[in-house]
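Just below is one structure, and these are the notes that go with it.
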Amino acid sequence: MNFYPGDEENRYRDQMRELADSYGWPEMKALREEIEGLAIERYSMTFQRQLAARGLIGLTWPKPYGQEARVDQQFLMAEELECQGFPGYGLTTNQRGGGMLLRSGSPEQIAEHLPHVVDGSWTYCQGLSEPGAGSDLLSLKTRAVRDGDHYVVNGAKLWTSSAHVSTWCSLLVRTDPEQTRHRGLSLLLVDLKSPGVTIQPVWVMGGWRVNAVFYDDVRVPVANLVGDEHQGWRVITGNLDEERAMSFGGTETRLLCARLIHRLSEKADELSESDLTTLGRFIMDLEADRLLYLRVGLSAARGEDTSGTGPMSKVHGSELAQRFIEWASELLGHQTLYPEGDDVLAADLEQQLRVATVLTVIGGTSEVQRNIIANRQLDLPRSN
Ligand SMILES: Cc1cc2nc3c(=O)[nH]c(=O)nc-3n(C[C@H](O)[C@H](O)[C@H](O)COP(=O)(O)OP(=O)(O)OC[C@H]3O[C@@H](n4cnc5c(N)ncnc54)[C@H](O)[C@@H]3O)c2cc1C
């Protein structure tokens, strides 16, 4: 089997390299400042527009919106993006919004939204979790009541990442109060500028802002219903499968690992046998994680069910990222806690030590993912 990509596979990765070459240190510094200002990990509006200008959003989507690229081409581009230290989070959230519409949206919704996704002007967030409904999402309380050609939405969502920079929210609501659990839910696209929407910051450990979003009598056109009424769970499971097939820490950790090796190479003879063995194991695990992530992506592209393998990739990548960052921070010792001067690696490790704590929670906790793997992948009976 040949694992080396050829010219055709590298087409979009090379475009990313060209983009990277146009960024000097001042531009990179400005980008880092923008990311810090927006307070969302790896999110930048200006970078999103750069990607859009090069046609690099929605690569695998059909024409006229995407490039009909293959999943492995998109994988290589996304990997290059992370390896160059560029912010990829906005790309994945917006692609997820567009992907949902391509799977479940009406032709009118696709025609309205997709051009704005690929030109980088509209951004999307996901409003699922509530104060009392995280792992047990099906107990959510946000209601939408039909009133003519509108729904009137009331409720509160918690942990909505990037709501404060988003144009639209994919909002999961209960439309049929007579039904319970997955029956009677619907998915609405809510314009976050609508009267009655209030967005408040919630700060998490990595210096990262998520949001509490309140919906008070918010009127949403019925035309913004995605999929059929009361069938929102079907729409959202497609989103969750796609989300869990994303890289949760593995790709960024490979970059951190490469930077650490570069740093250590100056004083390799000071490293113990045990440190070298641990480093070697991490390199192998990171490569295995890369292949698992690629396998899930290719499997999804073939139209296979990834509801069991996506969570495997998520648990593996997120827990590996945490283990590596803890080990690397200990290895660098006090430098990580008190970065000296322009020691960007130490500063990044310190920040990642805090950011990585959420990787095993966001997108569904590791415990919940393991339950899903047991059920979907191993065919074991449900625990409840
Ligand atoms: C930084 C961040 C960003 C987020 N972004 C978004 C977003 O954009 N949109 C959104 O909708 N949500 C978002 N979330 C919410 C996230 O999906 C939930 O936090 C997560 O699903 C867990 O829910 P919870 O916090 O309510 O914890 P709980 O569900 O209360 O879980 C508490 C503990 O109980 C365990 N547990 C619960 N049920 C089970 C079970 N059946 N078996 C075994 N153990 C169990 C959990 O593993 C966890 O350890 C975000 C969260 C974070 C931290």
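The values are calculated or read from the model by the stated rules, or taken from the named source; none is laboratory data. Source: prediction; values computed, not measured. Every residue, glycine among them, receives a Cβ derived from its backbone with ideal geometry; neighbour counts consider all protein chains shown. With ligands, DNA and RNA removed, areas are computed over all heavy atoms of the protein, side chains included. Shrake-Rupley method; radii C 1.70, N 1.55, O 1.52, S 1.80 Å.
Going by the structure shown, is W208 within 12 Å of the ligand (Cβ to nearest atom) and open to solvent by 30 Å² or more (accessible area, probe 1.4 Å)?
No: the conditions fail for W208.
Can you tell me which residue is surrounded by the most Cβ atoms within 10 Å (Cβ to Cβ) among those in the stretch 12-69 that are of a type in the set (D, E, K, R) and within 19 Å of V117 (Cβ to Cβ)?
R42
Is at least one residue of the stretch 329-342 assigned to a helix (DSSP H, G or I), under 19 Å from G250 (Cβ atoms) and touching a residue at least 40 places away in the same chain (Cβ under 8 Å)?
No: the stretch 329-342 contains no residue that is assigned to a helix (DSSP H, G or I), under 19 Å from G250 (Cβ atoms) and touching a residue at least 40 places away in the same chain (Cβ under 8 Å).
Okay, residues lined up against (1) of a type in the set (G, A, S); (2) over 30 Å from G249 (Cα atoms):
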position: L172; (1), (2): no, no
position: E178; (1), (2): no, yes
position: S186; (1), (2): yes, yes
position: L192; (1), (2): no, no
position: P195; (1), (2): no, yes
position: T198; (1), (2): no, yes
position: W208; (1), (2): no, no
position: N211; (1), (2): no, no
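I need the full set of residues from the stretch 76-90 which are more than 14 Å from the chain's Cα centre (by Cα) and open to solvent by 20 Å² or more (accessible area, probe 1.4 Å), in order please.
Once the filter is applied, which keeps residues that are more than 14 Å from the chain's Cα centre (by Cα) and open to solvent by 20 Å² or more (accessible area, probe 1.4 Å), the stretch 76-90 yields C83, Q84, G85.
Select from the stretch 244-287 the residues that are within 29 Å of S366 (Cα to Cα), in a helix (DSSP H, G or I), open to solvent by less than 30 Å² (accessible area, probe 1.4 Å) and of a type in the set (A, V, I, L, M) and list them in ascending order.
Passing the criteria: L256, L260, L279, L286.
Restricting the first residue to the stretch 352-376 and requiring it to be assigned by TED's automatic domain parsing to the domain that holds L256 and more than 8 Å from the ligand (Cβ to nearest atom), which pairs with a second residue that is part of a helix (DSSP H, G or I) and open to solvent by 30 Å² or more (accessible area, probe 1.4 Å) meet a Cβ separation below 6 Å and a spacing of at least six or different chains?
A356/Q322; I373/M312
Can you tell me which residue within the stretch 151-168, out of those that are open to solvent by 10 Å² or more (accessible area, probe 1.4 Å) and part of a strand (DSSP E or B), is farthest from Y215 (Cα to Cα)?
Filtering first and then ranking leaves W168.
If you check every pair at least six apart or on different chains, which have Cβ atoms under 8 Å apart with a residue in the stretch 230-249 that is of a type in the set (F, W, Y) first and a residue that is open to solvent by 10 Å² or more (accessible area, probe 1.4 Å) and at pLDDT 80 or above second?
Going by the 8 Å Cβ cut-off, the qualifying pairs are W233/L138; W233/H182; W233/R183; F248/L359; F248/I362; F248/G363.
Quick grid of which residues meet (1) open to solvent by 20 Å² or more (accessible area, probe 1.4 Å); (2) touching a residue at least 24 places away in the same chain (Cβ under 8 Å):
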| site | (1), (2) |
| --- | --- |
| Q73 | no, yes |
| T92 | yes, yes |
| P107 | yes, no |
| A111 | yes, no |
| V117 | no, yes |
| T123 | no, yes |
| Q126 | yes, yes |
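Since Y124 meets every condition but one in (1) more than 12 Å from the ligand (Cβ to nearest atom); (2) of a type outside the set (D, E); (3) touching a Phe, Trp or Tyr at 6+ places or on another chain (Cβ under 6 Å), which condition does it not meet?
Single failed check for Y124: (1).
Of all residues being surrounded by fewer than 21 Cβ atoms within 10 Å (Cβ to Cβ) and at pLDDT 95 or above in the stretch 179-191, which is nearest to G98 (Cα to Cα)? Just the residue, please.
That would be D191.
If I ask for residues that are farther than 30 Å from E367 by Cβ and assigned to a loop (DSSP other than H, G, I, E, B), which ones from the stretch 104-149 would you list?
Within the stretch 104-149, G105, S106, D119, G120, S121, W122, T123, G148, D149 qualify.
I'd like the full set of residues that are of a type in the set (D, E) and within 14 Å of A53 (Cα to Cα), limited to the stretch 10-26.
Within the stretch 10-26, just E18 meets the criteria.
How many residues does the stretch 169-185 contain that are part of a strand (DSSP E or B), over 22 Å from the mean Cα position of the chain (by Cα) and within 14 Å of V152 (Cβ to Cβ)?
Here the count works out to 1.
Go through the stretch 145-164 and count every residue that is within 12 Å of the ligand (Cβ to nearest atom) and more than 13 Å from V218 (Cβ to Cβ).
The number of residues fulfilling the criteria is 7.
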